[in-house]
Amino acid sequence: MKAVLFHQHGGPEVLEYTEFPTPQPQPGQVLIRLHAAALNRMDVMVRNGWPGLKLDLPHINGADGAGEVVTFGAGVTDFAIGDHVVINANIGCGECEFCIAGRDNMCLNWHLLGETIRGTYAQYVALPARQLYKLPKDFDYHRAAASALVYQTAWHSLTKRGGLQNGETVLIVGAGGGVNTASVQIANYIGARVIVVGSEPTKLDMAQSIGADILIDRSKEADWAKSVFIATNKRGVDVVVDNVGTTFMQSLRALRKGGRLLTVGNSGAPRFEIDNRYLFAKHLSIIGSTMSTLVDFKEVMDLIIAGRLAPILDKTFPLQEAGLAQERLWKNENFGKITLEIA
Ligand SMILES: [Zn+2]
């Protein structure tokens with residue numbers, strides 16, 4: 001098959017568009033001919049590498065993908081050849097205490113497609129059947145691929161971990177990223193009031209167009225925690241979605257007493273200081289999570305298929321130009337998801 005892979009970590013120049021053996025489906029697995037993949041910042045982090053990361057090289061990036069079923073291993077009964085599917089990249093073992101309890105994103109032998117195992121920047125991928133969601137035949141592969149990782153991540157964090165309720169106010173730090181745009185839509189769907197802080201007028205306008213109620217331009221209002229405080233009549237927000245990390249102090253200041261800070265990543269930096277006095281004196285919770293469960297994935301994909309949540313698509317590149325696509329993402333030039341067309 002054709003794939004984009006790398007033999008060593010480094011910049012976009014390490015990516016090669018080349019031949020790689022087509023995977024064969026094992027018992028319980030489905031072989032998918034991919035037509036679209038979607039990018040995540042994690043792809044670039046894995047390509048760059050970090051101390052302690054040990055991959056079976058060459059590695060293939062990509063957590064998100066959609067395509068059609070071409071064949072399957074023994075024991076697969078839920079899928080037929082030609083079915084259109086989208087992939088859930090959160091791979092639990094299905095056997096440990098957490099998987100059995102339905103908490104497969106806490107699996108003891110957890111894998112993330114494209115991070116710990118080879119991913120979707122390729123014509124084919126083989127995965128356990130439970131990782132697949134069947135799409136209507138007329139649903140666009142790119143929209144499906146663009147939805148899977150970010151919507152399940154935001155859905156699990158906001159609704160299951162954060163318990164966001166109708167009528168609450170949520171602050172989302174950052175206007176452009178995939179999880180943030182999904183969070184704006186999900187918060188809006190739940191019936192929460194949504195405040196977005198961002199630095200680019202065009203991205204703030206886009207956030208408003210998908211349901212943000214109040215916009216704060218941090219290039220003009222550097223002390224945006226204060227702006228949030230004023231916008232909430234000095235009460236503070238119930239929930240903050242902060243996937244930047246280095247902004248935690250501002251986020252903690254923006255919360256009401258008893259508020260929750262939700263985090264699923266750190267686009268700013270992984271290490272930063274916080275003032276512990278805010279945590280205890282304001283009764284705050286910092287709640288982390290990653291990805292979601294099989295149940296959450298189905299819940300949120302059902303809403304996407306029904307049109308209740310709609311992924312924002314940025315730009316599509318051919319698979320061969322995955323390096324250019326990653327550069328666009330890494331430089332934050334996108335609003336919404338970048339996808340790859342896999343011919
Ligand atoms: Zn498990």
Here the residues of the stretch 2-34 lying in the modelled label zone of T71, meaning backbone nitrogen under 19 Å from a point 7 Å along Cα-to-Cβ, are 2-3, 20-34
Springs between alpha-carbon atoms under 10 Å, Gaussian network over the chain: tell me which of G119, G62, G268 tops the mean-square fluctuations.
-> G268
Under a plain spin-label model, where a point goes 7 Å from the Cα along Cα-to-Cβ, how far apart in nm are T202 and D138?
-> 3.3
Where does the Debye-calculated log10 I(q)/I(0) of the stretch 19-116 sit at q = 0.13, 0.15, 0.18, 0.19 Å⁻¹, using only Cα point scatterers of equal weight, no solvent?
-> -0.56, -0.75, -1.06, -1.15
Kirkwood Rh (inverse of mean 1/r, distinct Cα pairs), the chain, angstrom | 20.5
Taking the stretch 139-200, the equivalent ellipsoid from its C-alpha gyration tensor has semi-axes in Å, biggest first, of 20, 15, 9
Once you have the Cα-Cα distance between R271 and M45, take 0.36 nm times their residue separation minus that, and quote the gain in nm to one decimal.
-> 79.8 nm
Kirkwood-Stokes translational diffusion coefficient of the stretch 255-343, alpha-carbon pairs, 20 °C, 1.002 mPa s, µm²/s | 128
So which residue, out of S219, S183, S251, gets the largest mean-square fluctuation from a GNM of the chain using Cα contacts under 10 Å as springs?
-> S219
Roughly what angle does helix 294-305 make with the longest principal axis of the chain, taking Cα atoms, 0 to 90 degrees, to the nearest 10?
-> 80
Could you please state, rounded to a whole Å, how far the C-alpha centre of the stretch 268-343 is from the C-alpha centre of the stretch 129-162?
-> 11
Please calculate how many Å² of accessible area the stretch 25-132 carries per residue, with a 1.4 Å probe and no DNA, RNA or ligand atoms counted.
-> 39
Expressed as a whole percentage, what fraction of the accessible surface of the stretch 26-136 belongs to carbon and sulfur atoms when a 1.4 Å probe is rolled over the protein heavy atoms?
-> 54
With label points built 7 Å along Cα→Cβ from the Cα atoms of M249 and K331, find their separation and express it in nm.
-> 3.1
Quantify, in whole percent, the carbon and sulfur part of the accessible surface of the stretch 191-277 (1.4 Å probe; protein heavy atoms only).
-> 49
For the chain, what is the relative contact order in percent, using Cα pairs closer than 8 Å and at least 6 residues apart in sequence?
-> 19
Could you pull the Rg and Dmax for the stretch 151-269, using just the Cα atoms, both in Å?
-> 12.4, 34
With every protein chain present, what accessible area does C107 have (1.4 Å probe, heavy atoms only), rounded to the nearest 10 Å²?
-> 10
By accessible area of protein heavy atoms, probe 1.4 Å, what ranking do I81, I286, I342, I305 get, highest first?
-> I81, I286, I305, I342
Taking the chain as a Gaussian network, Cα atoms linked when under 10 Å apart, which of K234, K137, K54 shows the biggest mean-square fluctuation?
-> K54
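The values are calculated or read from the model by the stated rules, or taken from the named source; none is laboratory data. Everything numeric in this text was worked out from a predicted model, so none of it was measured. Reconstructed Cβ throughout: ideal geometry from the backbone, glycine too, with neighbour counts over all protein chains shown. Note: areas computed on protein heavy atoms with side chains; ligands, DNA, RNA excluded. Shrake-Rupley method; radii C 1.70, N 1.55, O 1.52, S 1.80 Å.
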